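Shown next, in structure tokens, is the structure this report addresses.
The values are calculated or read from the model by the stated rules, or taken from the named source; none is laboratory data. Just so it is clear, the structure is predicted and the values come from calculations on it, not from any experiment. Cβ atoms come from the backbone with ideal geometry, glycine included; neighbour counts cover every protein chain shown. Remember, those area values only see protein heavy atoms, side chains included, never the ligands or the DNA or RNA. Shrake-Rupley method; radii C 1.70, N 1.55, O 1.52, S 1.80 Å.
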Amino acid sequence: MKTKKPNLTKEEKTLIAQILLEHISDGTLTKGKISEAALVFGLSRRTVGKIWAAAKSLLSEGKPVIFNETKYANHKDMYVLDIELLKSIPLQKRTSYRRIARERGVSKSLVCILVKNGLIRPHSPLSAK
């Protein structure tokens with residue numbers, strides 16, 4: 001039986017891990033508890049197994065088993081817009097997202113995101129706020 005629950009919250013993951021931690025004996029999880037937790041929470045065994053693996057990893061590092069980090073919390077690769085470099089692109093080469101992307105060496109989707117966020121304006125001679 002397939003069950004699907006979209007995007008567990010941090011609190012739900014922590015609750016599942018805490019319940020599994022209650023069933024540890026001699027340093028190992030009691031047999032069948034992952035499957036049991038999967039049935040109780042309406043999740044697949046694989047999902048609960050991944051949560052248990054993450055909980056074991058936190059325990060081995062000596063950290064408390066609390067899921068408070070999101071998957072994409074650190075945007076280390078976030079693009080920094082340099083307006084002067086954008087202005088240095090000749091007007092003839094700023095006619096479309098594709099041409100701007102090619103001249104700047106970035107993806108077209110990034111140029112679209114910059115326009116949506118209001119960092120650059122489409123179809124203007126200076127193309128920057």
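Points worth noting:
- For the listed peptides 26-36, 48-58, a ranking on the average number of other beta carbons within 10 Å per residue, highest first, reads 48-58, 26-36.
- Put Arg102, Arg94, Arg121 in order of accessible area, highest first, and with a 1.4 Å probe you get Arg102, Arg121, Arg94.
- Theoretical gain in end-to-end length, His23 to Ser60 [0.36 nm per residue, Cα-Cα removed]: 11.6 nm
- Treating r as the C-beta distance of Leu8 and Ile89 and R0 as 30 Å, the FRET efficiency rounds to 0.10.
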